[in-house]
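Q: This is the structure I want to talk about, given as structure tokens.
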Amino acid sequence: MADQDLNVILRKARMYQEYMQMVPLPTRRSSMIPCNSWMGLAASMKELYGQPLHYLTNLSMKQWDRLRIGANDEDVPLDTLIDPAKAEASIWLVEEMHRNTTSPFFIARLWHGDPMYHVYIDAIFPELKNPSK
């Protein structure tokens, strides 16, 4: 039964990764998005550009925010610590890496170990120009 579940998850992970590779990264960026946290910046970017961020990018944003817990500047808005344009560019760089280089097997292993994985999958579906890539 466990192997069957893993096969279903692997199939979903393959479809997800293939879809994310078809979503083009924005070429025009209008940064200077005010933000208090990495997750806040990511949410603003999703809204501004109308596209999802990769599951692993969403996990990264959560982790990056956790890194600040207990730091002297924990309560200082992120956009006063890091130039907003550089912060946004950093997220797009990580996003590009996740979209183009992540193995569906890796995603499937993560999803298999986390029954709540879908919380970090964005429900944003932009219109694709050439979906038959």
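Q: Return the residue satisfying two criteria in turn: it lies in segment 37-79 and is closer than 14 Å to residue 99 by Cβ and touching a Lys or Arg at 6+ places or on another chain (Cβ under 7 Å), and of such residues it is surrounded by the most Cβ atoms within 10 Å (Cβ to Cβ).
A: So the residue we want is 53.
Q: Might you check whether a residue that is out of contact with any Asp or Glu (no Cβ under 6 Å at 6 or more places or on another chain) and modelled with pLDDT under 95 occurs anywhere in segment 51-63?
A: There is at least one residue in segment 51-63 that is out of contact with any Asp or Glu (no Cβ under 6 Å at 6 or more places or on another chain) and modelled with pLDDT under 95.
Q: Going residue by residue through segment 52-64, is there one that turns out to be out of contact with any Phe, Trp or Tyr (no Cβ under 8 Å at 6 or more places or on another chain), within 22 Å of residue 24 (Cβ to Cβ) and in contact (Cβ under 8 Å) with a residue 60 or more places away in the chain?
A: yes
Q: What number of residues in segment 80-102 are open to solvent by less than 90 Å² (accessible area, probe 1.4 Å), over 15 Å from residue 29 (Cα atoms) and without any contact (Cβ under 8 Å) to a residue 12 or more places away in the chain?
A: 2
Q: Checking residue 118 against (1) closer than 20 Å to residue 10 by Cβ; (2) surrounded by 15 or more Cβ atoms within 10 Å (Cβ to Cβ); (3) without any contact (Cβ under 8 Å) to a residue 12 or more places away in the chain; (4) under 14 Å from the mean Cα position of the chain (by Cα), which single condition isn't satisfied?
A: Here residue 118 meets the rest and fails (2).
The values are calculated or read from the model by the stated rules, or taken from the named source; none is laboratory data. All values derive from a computational prediction rather than experimental measurement. As a convention, Cβ positions derive from the backbone with ideal geometry for all residues, glycine included, and neighbour counts pool all protein chains shown. Quick note on the areas: whole protein, heavy atoms, side chains included, nothing else; ligands and nucleic acids left out. Shrake-Rupley method; radii C 1.70, N 1.55, O 1.52, S 1.80 Å.
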